[in-house]
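Read the structure below first, then the notes.
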Amino acid sequence: MSCQESIARLQQYIREAEQIVFFGGAGVSTASGIPDFRSAHGIYAGPHGKTYEDMLSHDYMLTHPEAFWDFYRNVMLYPDAKPNAAHTALAAMETTGKLSAVVTQNIDGLHQAAGSEKVLELHGSVHRNHCMKCKAAFSLADILPMDTVPRCPHCGGVIRPDVVLYGEPLDDSVTDAALAAIRTCDLLIVGGTSLVVYPAAGMIQYRRARCNLVLINRDETPYDRQAELVIHEDIGTVLTEAMK
């Protein structure tokens, strides 16, 4: 099946669907200049003999806060990133009333910046931070001017990002909402993810039998054979064309 034929099939699925869920990963944001940290140039090439998993873990944040924040600032924060065509197309899909939720593994907040409102952030967001002592909330703009280890101006406690670090569980309320959305949709579009990061990747197994599964990713995934439609093309281009 050619790319145009695949997009035409996706357009048909979208027209016929009543409730659509989009499940996305790092590949959704690469066109915005945010790298996929699980690529060959990413997460398995950490500095100082440590992997990115080590340096972005809950234990490392507590035991080496200065090194954690240095690394986090340099590697995870892209305050100037803007939404790309994929984010814009999904926001447009939401305005049609058919897209019931965006379930994302990303922490960059670009779906909301594009206008999406029904966003479930499985791994949290860099735009939310809180003091570990008094629980005061801080935005990304609040902490960017602070010293390496940001401290609460109210009590002096260390501020941490509201992202799910390695060694931490996913938020139950977000997970439950994501599963509920996936269980009730009749079209599940999965894009920009290799579907190898668990437990998030395992969520698509909860789709109902009458739900069409569409995978949009440059590379193959473990779920390709289970999908009704697989498109190995740029996700921004595919979603933009599908919304015409």
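Within the stretch 118-152, the set of residues being assigned to a loop (DSSP other than H, G, I, E, B) and touching a strand residue (DSSP E or B) at 6+ places or on another chain (Cβ under 9 Å) comprises K118, L122, H123, M132, K133, A136, M146, V149, P150, C152. In the stretch 143-159, of all residues being without any contact (Cβ under 8 Å) to a residue 60 or more places away in the chain and either in contact with an Asp or Glu (Cβ under 8 Å, 6 or more places away or on another chain) or open to solvent by 70 Å² or more (accessible area, probe 1.4 Å) (or both), the one that is farthest from D70 (Cα to Cα) corresponds to H154. If you go through the stretch 185-198 and keep only what is on the phi < 0 side of the Ramachandran plot and crowded, with 16+ Cβ neighbours inside 10 Å, you end up with C185, D186, L187, L188, I189, V190, G191, T193, S194. Hey, does the stretch 217-226 have a residue that's farther than 30 Å from Q4 by Cβ and open to solvent by less than 80 Å² (accessible area, probe 1.4 Å)? No - not one qualifying residue is present in the stretch 217-226. Residues in the stretch 215-234 that are under 19 Å from the mean Cα position of the chain (by Cα) and within 16 Å of L187 (Cβ to Cβ): L215, I216, Y223. Need pairs with beta-carbon distance below 8 Å; first residue more than 14 Å from G192 (Cβ to Cβ) and within the stretch 79-90, second surrounded by fewer than 21 Cβ atoms within 10 Å (Cβ to Cβ) and of a type in the set (A, V, I, L, M, F, W, C); sequence gap 6+ or separate chains. Pairs found: P79/L140; P79/A141; P79/L144; A81/I34; K82/A113. Applying a threshold of 7 Å to beta carbon distances and a minimum spacing of six or more residues, or different chains, the list of pairs starting in the stretch 28-54 at a residue that is closer than 19 Å to L165 by Cα and in a helix (DSSP H, G or I) and ending at one that is modelled with pLDDT of 90 or more and open to solvent by 70 Å² or more (accessible area, probe 1.4 Å) reads E53/Y166.
Here the stretch 89-113 is the region considered, the condition is being outside any loop (DSSP other than H, G, I, E, B) and out of contact with any Leu (no Cβ under 7 Å at 6 or more places or on another chain), and the residue that is surrounded by the fewest Cβ atoms within 10 Å (Cβ to Cβ) is T95.
The values are calculated or read from the model by the stated rules, or taken from the named source; none is laboratory data. Quantities reported herein were computed from a predicted structural model and do not represent experimental measurements. Glycine gets a Cβ as well: all are built from the backbone with ideal geometry, and neighbour counts include every protein chain shown. Keep in mind that these areas ignore ligands, DNA and RNA; they rest on the heavy atoms of the full protein, side chains included. Shrake-Rupley method; radii C 1.70, N 1.55, O 1.52, S 1.80 Å.
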